[in-house]
Structure formats: C-alpha cells, structure tokens
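Heads up, the thing below is written out as structure tokens.
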Amino acid sequence: MKKAIQLRKGLCTLLGFFCLSTFTSFPSQCFAQSGDEQEQKKGVASKKQISEYINNIYYAMEVLNQCYVDDLDMEQIYKGAMKGLLDAAGDVYTAYLDTTAMRGLNDTTEGTFGGVGLSISKAFESTDEKPAYVEVVAPIEDTPGFKAGIQPGDLIVTVDGTDTSTITMDDVLDKLRGTIGENVTVGIRRGGADFDIVLTRAEIEVPTVKFGTIPLDSKTEIGYMRLIEFTPLTATKVQEALDSFDYGKTKGIIIDLRNNPGGLISSVHAVADKFIDEGPIVSTKGRVKSENNVYSASKAKTTFKAGIPIVVLINKGSASASEILSGALKDNHLAYLVGQRTYGKGLVQQVWQLSKTEGFKYTVARYYTPSDVCIDKIGIPPDREILFPELSEEGAKQYAELYKSGEISKYVESKRKSFEKNEEKQIKSFSKSLKKSYPEIDEPTLRKMIRNEVRKSKGSMLYDLDYDIQLIEAIKILDKEDFSSLVKNAKTLKELQDSALLEEKKEPEGKKDKK
C-alpha cells in the first residue's frame, strides 16, 4: 500500500510538470487570468478541481497499464480518453483530432487531397431509435460525389459495408479518403430507398467561385456567381466576377450559396465588405474576451455598384460562412433570399495542434448577424421558399432501381457520338423513354440524371435552366418583379425572430402542450 501511495505521488509530480508545460503553450488570452480570478468566474473550475480530475485520470491509466489482466494498447486508451474528454462537451463541433483527422485538416489547408468530395456531418449521439448515420451537408462541385448525384440531406448508412452509425466521424473520413484512383462503395439512404454508389477517389481541390452571365435578351443579362466555399482566394475570385459583369446590361446579380458548407470567417468578411459599405457584417461572442469581435464593413473596400438588385440562392446545404453572408445581406436590405432554409451552424471553431499528428478543435464563440441574431440550429429562412418536388416513396424506390441498373451510363456510352452532336435533344428523347419504365420519377429529374452522366467527362454546367426551379425563380424576380419593394418589405432576422416569439406567446396553453 505504501509503495502504491509513493507511486501515485511520483506520477502526480510528473503529471504536474506535463500540465504546466502544456498549458503555457496555449493561447495566452485563455490563461491570462490568475487562479483566484478563474475560480470566481462562473462556470470555470478551480485549479484544485482540475488538478484532482487530471490526477485521477493519470492514476487510472497507470493502474490499467500495470495491473490489468491482459496487455493493453495504452495509445488506444489515451486516444479514447481524449475523445471522451472532448465529446463530453456535448458539441458535435468540439472533437479530438487523431492522425487521420489531422491529415484531413492539413489536406484541406493545403488545397488538395484524395477523396470523394462530400462535406458531411454526424450526430453526437446514436440510439436504436435514431442511429447516428452520416448526413451529407453538401457535395463539392465537380467531384466524384457530385457527379454521382449525391445530394444534401442524403444519409450515408454504410461505407464499404461498415455501418456508419457504429463508427466515429474520424473512421468515416478515413474510409472515404485515400489513394486516388481506388474505389469506395457508399450506401445511400434517400427517402424510403437504400442504394449503393461506387465512387472512385480523385484529387479533390478546394473550390472557390464560378461565374458567368445569364442572357435575358440581346440587350440585358443577369450576372451569376456560385460561391462554392470560403477560402483565402474567394474574395479575389468574387472581385474577378464583379469586374467581368457589364453593368450597362446587367439587371441584377445572383449569388448562389447553395451547398456552400462555409469556410473562413476572414474570407466571408472580405466578400461581404464588397457589397456592404458600413455597419457590422457579423459579430462573435464567447467567454474569452478576445473572441468578442465585431467584423464591420468599410466603405473604402466596397466595390459593388450600389442599387443593383441582388438575389441570393440558399438551401439546407448552405452553412456557416455562407449563412453569415446571406444573413448580412438580408439584414442590410441589400438582397432577397430565394430557396430553402439554411443548415443552421452559428458557431466558430479553433483548432489546437497538440503535435504534428494530433490535436483537437473546439467551439470558441457564437456568431451573430447584423440584427444581433444567432442562427445556430435554426438556420436562415428564405424570403421566398421554392422547394424541389420530392419523390414519392415509390418514386424513391424507382430512382434507386434506375441507379442500380446502370441503364443510364450504358445508354450514354453506347450513344456517345449522338450526344456530342445534339446533347439536349438526345437527353430529352432518352428521358421520355425512361419515363415509361420509371413513371414515378419526374422528367426534369430524369433529364438531370442523364445530363450528369453525359457531362462526367466535361465538368458540370455553370447553371441548368431546365431543372433548376430555384434559379428560374431568381431570374423571374430580377427580370419581372419590383425588386426594390420586395427587398424593402423583407423582414430582418431580428424582426422574424421577434414575430415568431410574439406568435408563440399568443398560442393557447393547450396547443403549446401538444408540441
């Protein structure tokens, strides 16, 4: 017993040295307060409490290492402890980053990696009633996942036969990423149907902006730019797009943020500053003083011509930084939002690297729109909701059946020369033929499936006016409607929030109880 006590004291001494050397390398703003100040601060544990917790964890690891009946992989024990520590925050965005996850982060930072091109999320908790399958937030443009027709909201239920509800997000990423040219099979659940898609890993480049014009007639057009992700290059590319538009002919511009999973807050600030000439763009609020920031607009950096109408396209794949931009333009009455409610990620993360091969990410603040609303877990509603028609249960099954059959790819390959001569005519003809065998799938969706296959080797179209009803609506607004009246009468996010609270208060108590 005496030896055990001595061992424990010795281990605690070593642990104390480890903690001191580690803490001193953390950001100074997090640890600048004295111990007494931290103990007095609400919600912050005292030094004594933290020391006791760490001592207990360290001693438990040493007992397992020395006394457990079988040899243990202490690296796995350590990783499990780190994962549990970060998971216990109850925040899906706060997590331990092992070698695989850090590799993925570095790949993204460097700009390319081998993968399938899907932005994904995974619920914190998995139950029998609600398994934590991986959800597709958005496919990255012109990647294997995008070309295969994977959509936001699709569930990835298996990867190479492994149930994704039973493994971690790190494990999923490890399975999806890998050697360029090798295949990975993902099991997709869409509506009431499950089907497998075989994807060939490719070099995934972190995309930024695509732009062009949509002609209305010989004298007028609409400027169109799709912001794919907010990287250090996005603001420069947005300026290239703005400079390319002929404002003598342009009736307005469309900023397409659909399926944009976000990116850097500095990038979206720089982009928004091109449109907003004064006032806050976004603010962040956290426990640490240095995280309480207001990112404001500067008139000197505003380059977009005032008074030109802007329509922003959003959907449930629009997250994080794309919500900052749409919220800022909406709250400043500069843009009209069309499409579908956004994802709802109003949090800011930082990554702390523990070594070259591991680290963790943690939420440091919430962000707020110019009207002081946090949209986390709520999202931003469009000013005009336009939803793509959903397939019926039978339609979803027919979609899965058609995909599994390979009928489209076989036909397109056999008629490649015909498609090259008159692409759209061949697409329409083939879709009518498919409609007879798959009556529950609407023709625009069939044409979209065929078009995706035809253009696999060419890259995606800038826009699709045959299928894209949200884009068609945006064009109609800019071309035919009184835009100034629309945007003037559109409520800010604060006004929408206040209206919702008011309606909630008006509801009878009995009705509230039924929710």
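The values are calculated or read from the model by the stated rules, or taken from the named source; none is laboratory data. A quick note: this is a predicted structure, and the numbers were derived from the prediction, not measured. Counting neighbours? That spans all protein chains shown, and the Cβs are built from the backbone with ideal geometry, glycine included. Surface areas here come from the heavy atoms of the whole protein model, side chains and all, with no ligands, DNA or RNA. Shrake-Rupley method; radii C 1.70, N 1.55, O 1.52, S 1.80 Å.
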query = Condition test on Asp174, is it within 25 Å of Gly262 (Cα to Cα), out of contact with any strand residue (DSSP E or B) (no Cβ under 8 Å at 6 or more places or on another chain) and not polar (S, T, N, Q)?
reply = yes
request  = Any residue in the stretch 274-291 that's of a type in the set (A, V, I, L, M, F, W, C): show its pairings with residues that are assigned to a loop (DSSP other than H, G, I, E, B) and modelled with pLDDT under 95 at Cβ separation under 9 Å, as long as the two are six or more apart or on different chains.
outcome  = Val288/Pro27
remark   = Per the filter on the stretch 390-402, residues hydrophobic (A, V, I, L, M, F, W, C) and either open to solvent by 90 Å² or more (accessible area, probe 1.4 Å) or outside any helix (DSSP H, G or I) (or both) are Leu391
In the stretch 184-213, the residues that are within 19 Å of Asp171 (Cβ to Cβ) and among the polar types (S, T, N, Q) = Thr185
inquiry  = Please go through the stretch 195-248 and give me each residue that is of a type in the set (Val, Ile, Thr) and either outside any strand (DSSP E or B) or under 23 Å from Ile180 (Cα atoms) (or both), ordered by number.
reply    = Ile197, Val198, Thr200, Ile204, Val206, Thr208, Thr220, Ile228, Thr231, Thr234, Thr236, Val238
key: Pairs with Cβ under 8 Å, 6+ apart, first in the stretch 152-171 and closer than 10 Å to Ala132 by Cβ, second outside any loop (DSSP other than H, G, I, E, B) and polar (S, T, N, Q)   = Thr164/Thr158
inquiry  = I need every pair where a residue in the stretch 309-327 that is more than 19 Å from Ser283 (Cα to Cα) has its Cβ under 8 Å from the Cβ of a residue that is of a type in the set (Lys, Arg) and in a strand (DSSP E or B), sequence separation at least 6 or different chains.
reply    = Pro309/Lys251
query = Does the stretch 149-157 contain any residue that is assigned to a strand (DSSP E or B) and charged (D, E, K, R)?
reply = no
query = What's the number of the condition Ile188 fails, among (1) at negative phi; (2) open to solvent by 30 Å² or more (accessible area, probe 1.4 Å)?
reply = (2)
Set Leu486, Leu462, Leu493, Leu434: member being of a type in the set (A, V, I, L, M), open to solvent by less than 30 Å² (accessible area, probe 1.4 Å) and closer than 24 Å to Val311 by Cβ = Leu493
key: the stretch 320-374 - residue that is among the aromatic types (Phe, Trp, Tyr) and surrounded by 20 or more Cβ atoms within 10 Å (Cβ to Cβ) and, of those, farthest from Asp277 (Cα to Cα)   = Phe360
ask   = Given the conditions (1) of a type in the set (A, V, I, L, M); (2) open to solvent by 10 Å² or more (accessible area, probe 1.4 Å); (3) within 30 Å of Ala88 (Cα to Cα), which single one is not true for Ala300?
value = (3)
message = Based on this model, can you work out whether Glu323 counts as farther than 23 Å from Lys476 by Cα, out of contact with any Asp or Glu (no Cβ under 7 Å at 6 or more places or on another chain) and not in a loop (DSSP other than H, G, I, E, B)?
response = yes
Filter result for the condition that a residue is open to solvent by 70 Å² or more (accessible area, probe 1.4 Å), modelled with pLDDT of 85 or more and in contact with a strand residue (DSSP E or B) (Cβ under 7 Å, 6 or more places away or on another chain), over Asp154, Asp160 = Asp160
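To keep it simple, each residue is scored yes or no on (1) open to solvent by 80 Å² or more (accessible area, probe 1.4 Å); (2) on the phi > 0 side of the Ramachandran plot; (3) modelled with pLDDT of 50 or more.
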position	(1), (2), (3)
Lys9	yes, no, no
Gln49	no, no, yes
Leu64	no, no, yes
Asp70	yes, no, yes
request  = Within the stretch 288-308, identify whether any single residue is among the hydrophobic types (A, V, I, L, M, F, W, C) and within 20 Å of the chain's Cα centre (by Cα), and answer yes or no.
outcome  = no
task = State all residues of the stretch 468-478 that are over 19 Å from Thr250 (Cβ atoms), open to solvent by less than 50 Å² (accessible area, probe 1.4 Å) and either touching a residue at least 24 places away in the same chain (Cβ under 8 Å) or over 23 Å from the mean Cα position of the chain (by Cα) (or both); if no residue qualifies, say none.
result = Gln470
inquiry  = Just checking, does the stretch 171-182 include any residue being in a strand (DSSP E or B), more than 24 Å from Glu453 (Cβ to Cβ) and open to solvent by less than 20 Å² (accessible area, probe 1.4 Å)?
reply    = no
